[in-house]
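Notes follow once the structure below has been shown.
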Amino acid sequence: MRDRLDNMKELSKAYNPQEHEDTVYQQWESSGFFNPDTCIDKGVTQPDAPYFSLVLPPPNVTGTLHLGHASMLAVEDIMVRYHRMRGYRTLWIPGTDHAALATQEKVERLLWHDEKKTRHDLGRDAFLKRVEQFAQNSHDTIVNQCKKMGASLDWSREAYTLDNKRHEAVYTAFKKMFSDGIIYRGARIVNWDPRFQTTVSDDELERKEERASFYYLKYGPFEIGTARPETKFGDKYIVMHPDDERYADYTHGQVIENIEWINGVISAMVIKDEVVDMNFGTGVMTITPWHDATDFDIAQRHNLDKEQVIDYDGKLLPIAGEFSGMNISDARDKIVAKLRSKGLVARVDENYVHNIAVNSRGEGVIEPQIKEQWFVDVNKEFERNGTKTTLKTLMQNAVRSGDVSVIPSRFEKIYFHWIDNLRDWCISRQIWFGHRVPVWYRNGEVYCDVHPPENDGWVQDPDTLDTWFSSGLWTFSTLGWPSDTPDLQTYHPTSVLETGYDILFFWVARMILMSMYLLDEIPFRATYLHGLVRDEQGRKMSKSLGNVINPLDMNALYGTDAVRLSLVIGSTPGSDLRLGEEKIASFRNFTNKLWNIGRYVMHAVDSETFSQKISVDEIGSVTDDLSDADRWILHKLSRTVSDVSLHIDAFRFSQAGEVLRDFTWNTFADWYVEVHKIEKNDYVLTFVFQTLLRLWHPFMPFVTETLWQSLLGTEHMLMTEQYPNAKKFHSSFGSFETFSFENTVALVSAIRNIRSTYRIAPSELLTVTIATNPNTVIHNDIICRLGRIASVERIGLNDSAPENSASFLSGDLKMHVHLSGVVDFDAERSRLDKEIASVEKYISGLSSRLSGPFAQKAPAHVVAKERESLSDAQSRLSQLVSEHDSLPV
RNA sequence: GGACGAUUGGCUCAGUUGGUUAGAGCAUCUCGUUUACACCGAGAGGGUCGCUGGUUCGAGUCCAGCAUCGUCCACCA
């Protein structure tokens, strides 16, 4: 008790988050309650309770967390804390992603910057040690940042996409897919990044608009168009649409001789293919199958030769003759010059705009190449539960069946469209950092297994796997798969996957693929896609723009709770969020408001009362002692509890927060706390406040935990308290009548309005006369205190109004504020005029509606409601008019 | 070239299945230090919901078209 009182006195006037946050997090963490097993052991959670599980989308170990991560942590922590408080077996698994290419590239850059060395200077093993060191540092930073955000992650289950356990999962998955023929090795056209010297997947491409010269070249009897003359050396097929009448004389397979071309005379074969667009250019084209996906497809269809023109460093091969060995960008002008000198350039369009493919990471221009690589076959048929299916079908079914719901649902269409256009997934990379392909070779033999072959002489495939191959296993590899662990049995499928819509394809789709294929089970029941966090002008936050907001800086300045609220409230799933510092500041103000409500409670209420947990039942048992204000606040509280729960259950976190903020500030603080200063119902005040702390805890865990322990003592922990139960609140308080106190709120507001209109200082105490039925309850004390009224006089409804007063009408009561000496009749008249005009407008609109077809066609209850509104408005109008007329001229 | 999204007071956004006179936060203006809070309190002003049609008794909400902005997808050589 002494401790608590001291604690209370120590509560600073303004909330200072930095004093509390680290201590509170340590307390949570050391309590062990982030781990659902501990919750069960200590009786906080029932062993047979339903589960709620989710995985943290593992941040890349490339650096530090940004506001997007902060927003993800906030939303997920809300769901996790909410379910934990509701008694679910709640598990939230942390982890990090090795992000193969991104991390390797970053370390390579640092290595060059600091030591002017490349990875080849160090060699594979030494370089990988560097990367691991870097990854470890990044990891430590990320873990620290997650904790700073208040994330209640079960650190005892932390995972890493490249650790031993996940390595086993990756190799197991690969082996199964390999033996089922889903994974194959083949020479296919791939996206080659000459700068990073690796392939990248289709999804990692970005299209960039480029203005280029477009050349029309003479090619025998034809004219062909190209923006890339440097690739044309090996072109020996001329392709046209079979229906193109301009070229009807040419037949498929016909060979055209004596074509003068860049390096001499060649012959070309005519190919008819429907892929050619007759309306583009001249309607004929030559093809370069080795360096273009479309051309590759044509060549495949007609079984044509394919020749490599550009090497993997981006230089021309001997086929280019005199240009051999030149970089393609240097060669282009020279090649065009030669074509010109030979008279082969018909014309040039200098303003041709087209899209070039670049690596979304690093922005290096992609050069398509044919290369022997590992692929996941998305169209291969295999048996599943007695029927033939494909990976594409599995992915489609998971969502189409509704087993996996997508929030917001419009992303479903995008998801299906992506699957429809999906090509085989190239999963091998020529980088060093990552899971090495689990395949060994010896004298033409191929060996694939989870463990290396035992006898010597085998050489492992040097390539590593696409980082998303390991991320795709994340929902179950983190739970122990391929072992059949209790965690896997208990927590899979996970309940929700919360992540950014920008990795819908990269990650969400791949997780569905992997889980459906390997486990025959969905990875998660719902996927909630959040938007990107942008700056106030809607720009992406980037270092080069200098508009990056570091979440930890904001935490330090405004408190983590304020940062969390600013990321959650005003944000809708799938839509980007614009965030400025003022928004965070406004939630800092709110945090402080809650803090000060707490200070008031501890200041005004006896510690015996505020240091006990007050239950719904306890309040329910003293119903007879409740005042009108008590009933009003309890009723509103029960509505709030139910709204907040409904919103959270439906993933409407923003609305849940808004409802809570509105209740806390505009209802509880502005009205009930003020009334408490008069009525002093400590139990209800404390009960409502404690309920608010419970309700707010998932959103703003630090300040609520701090306040809770200030009230109840540090041996209590809010995090594991029960969340307010909507049904219970409703059955206890839902039927409470609120009209009486609403009336008082209206009267006080009217007095304040009149004061403001007449510019009467708050220090000046006034008198009011209220005309009403004798049995109407008027809360004199409250009106006097909140309206700064000296005395309330009551008269009958038909008694005449006092002179020199301003009037307010509400239902069947009239209030006259005495304004002796200050009343300005012209001002009062115009005030009434204004209101009369507004009511008249309303009446005319409403009565014309009611006299029209509305009355016949609209549902009866809607009509009845409108009729009631009309009669209310009419009586109000007549009263206003009589007030107006009674004013002295 | 397709698809999707956005367009609501100065700014940032809510608005669930169409149903009172469209809400909030910030900003603005006026007043104010009443011992929880100036990171505050009280009051006020401010929107014909992008445009044009349609459906309906009734449209910010549904439909069609258009405009502007944005995002994603796409094999126009």
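No lab work stands behind these numbers, since they all come straight from the coordinates. On a predicted model such as this, the values are computed, not experimentally measured, just so you know. Please note: Cβ atoms are built from the backbone with ideal geometry, for glycine as well, and neighbour counts cover all protein chains shown.
Checking the a/c ratio against 1.5 first, then a/b against b/c, what shape does the Cα gyration tensor give for region A:507-663?
Working: a/c = 2.75, a/b = 1.50, b/c = 1.84.
Because a/c hits 1.5 or more and a/b fails to exceed b/c, region A:507-663 counts as oblate.
Measuring from label point to label point, each 7 Å out along Cα→Cβ, what is the A:SER851 to A:LYS865 span in nm?
In this crude spin-label approximation the distance works out to 2.4 nm.
Give the whole-number value, in cubic angstrom per residue, of the convex hull volume spanned by the C-alpha atoms of region A:537-589. Walk me through the numbers on the way to the answer.
Working: hull volume 4.3 nm³, N = 53.
So the per-residue hull volume is 82 Å³.
Just to check I understand the Karplus step: with θ = phi - 60° and J = 6.51 cos²θ - 1.76 cosθ + 1.60, what whole-Hz values come out for region A:427-435, glycine and proline as x?
10, 9, 10, 9, 10, 9, 8, x, 6
Regarding chain A, what is the average projected area of its C-alpha convex hull, in nm²? Please list the in-between numbers first.
On the way: hull surface 209.8 nm².
Its Cα hull, projected and averaged over all orientations, spans 52.5 nm².
Summarise the long-distance tail of P(r) for region A:115-251 by giving the % of C-alpha pairs beyond 22 Å. Before the final figure, lay out each step's value.
Details: 6712 of 9316 pairs.
Roughly 72 percent, rounded to a whole number.
Three principal axis extents, largest first, for the C-alpha atoms of region A:621-693, in Å?
38, 25, 18
Roughly what would the spin-label model give for A:ASP520 and A:MET269, points 7 Å off Cα along C-beta, in nm?
Each label point is offset 7 Å from its Cα along the Cβ direction, giving 4.7 nm.
How would region A:267-344 be classified by its alpha-carbon gyration tensor: rounded, prolate or oblate, with rounded meaning a/c under 1.5 and the a/b versus b/c comparison settling the rest? Spell out each step's value before the answer.
On the way: a/c = 2.19, a/b = 1.42, b/c = 1.54.
It is oblate, given that a/c is not under 1.5 and a/b is not larger than b/c.
Compute the projected area of the convex hull of the Cα atoms of region A:371-477, averaged over all viewing directions, and report it in nm² to one decimal place. Please report the intermediate quantities before stating the final value.
Values: hull surface 38.4 nm².
If you wrap the Cα atoms of region A:371-477 in a convex hull and average its projections, you get 9.6 nm².
Using +1 at the C-beta of Lys and Arg and -1 at the C-beta of Asp and Glu, which of A:ILE419, A:THR640, A:LEU217 has the Cα lying farthest in the positive direction of the dipole of chain A?
The one lying farthest along the dipole's positive direction is A:LEU217.
So if I place +1 on the C-beta of Lys and Arg and -1 on the C-beta of Asp and Glu, and nothing else carries charge, what would the dipole magnitude of region A:757-889 be about its Cα centre? I want it in debye, nearest 20. Intermediate values should be presented prior to the final figure.
Values: 14 positive and 17 negative charges, 113 e Å.
For region A:757-889, the charge dipole is close to 540 debye.
Contour minus end-to-end for A:ASP662 and A:SER401, with contour as 0.36 nm per residue of separation and end-to-end as the Cα-Cα distance?
This chain segment gains 90.1 nm when fully extended.
For A:LYS857, go through the lysines and keep the ones whose alpha-carbon is under 27 Å away, minus same-chain ones fewer than eight residues off.
In chain and number order, the partners are A:LYS841, A:LYS865.
Rank A:SER875, A:THR485, A:HIS730 by how far each Cα sits towards the positive end of the charge dipole of chain A (+1 on Lys, Arg Cβ; -1 on Asp, Glu Cβ) and give me just the farthest.
Farthest towards the positive end: A:SER875.
Counting pairs of alpha carbon atoms under 8 Å apart in space and at least six apart in sequence, what relative contact order in percent does chain A give?
12
About its Cα centre, what dipole magnitude does chain A give when the only charges are +1 on Lys and Arg Cβ and -1 on Asp and Glu Cβ, stated in debye to the nearest 20? Could the numbers behind the result be given before it?
Working: 97 positive and 125 negative charges, 152 e Å.
Approximately 740 debye in magnitude.
From the Cα gyration tensor of region A:216-287, with a ≥ b ≥ c the square roots of its eigenvalues, which class applies: rounded if a/c is under 1.5, or else prolate if a/b is larger than b/c, or else oblate? Don't skip to the end; give the middle numbers.
Numbers: a/c = 1.94, a/b = 1.31, b/c = 1.49.
Oblate is the answer for region A:216-287, as a/c is 1.5 or above yet b/c matches or exceeds a/b.
Of all DSSP beta bridges located in chain A, what percent are antiparallel, nearest 5?
On the way: 66 of 95 bridges.
Within chain A, antiparallel bridges account for around 70 percent of the total.
Place +1 on the Cβ of every Lys and Arg and -1 on the Cβ of every Asp and Glu in region A:179-293, take the dipole about the Cα centre, and give the residue among A:ILE183, A:ILE262, A:THR288 whose Cα lies farthest towards its positive end.
Checked the options; the winner is A:ILE262.
Give me the mean projected area, in nm² to one decimal, of the convex hull enclosing the Cα positions of region A:493-558.
Working: hull surface 25.4 nm².
Averaging across all directions leaves 6.3 nm² for the Cα convex hull.
For A:ILE256, which sequence-distant residues (separation of 5 or more, or a different chain) have an amide H within less than 5 Å of its own amide H, given hydrogens modelled in the peptide plane?
Residues meeting the amide H criterion: A:ALA268, A:MET269, A:VAL270.
Under a Cβ-Cβ cut-off of 10 Å, what is the net charge of the residues other than A:LEU832 that fall near it, where Lys and Arg count +1 and Asp and Glu count -1? Let's see the in-between values first.
On the way: positive: A:ARG829, A:ARG831, A:LYS834; negative: A:GLU828, A:ASP833, A:GLU835, A:GLU883, A:ASP885.
So the environment of A:LEU832 carries a net charge of -2.
Over the alpha carbons of region A:749-825, what is the largest minus smallest coordinate on each principal axis, giving the biggest first in Å?
33, 27, 18
Semi-axes of the equivalent ellipsoid of region A:165-223: what are they in whole Å, largest first, if each equals the square root of 5 times a C-alpha gyration tensor eigenvalue?
Each semi-axis is √(5λ); the values are 41, 18, 9 Å.
For region A:428-540, how big is the tail of P(r) above 25 Å, as a whole percent of Cα pairs?
Numbers: 2638 of 6328 pairs.
The answer is 42 percent, as a whole percent.
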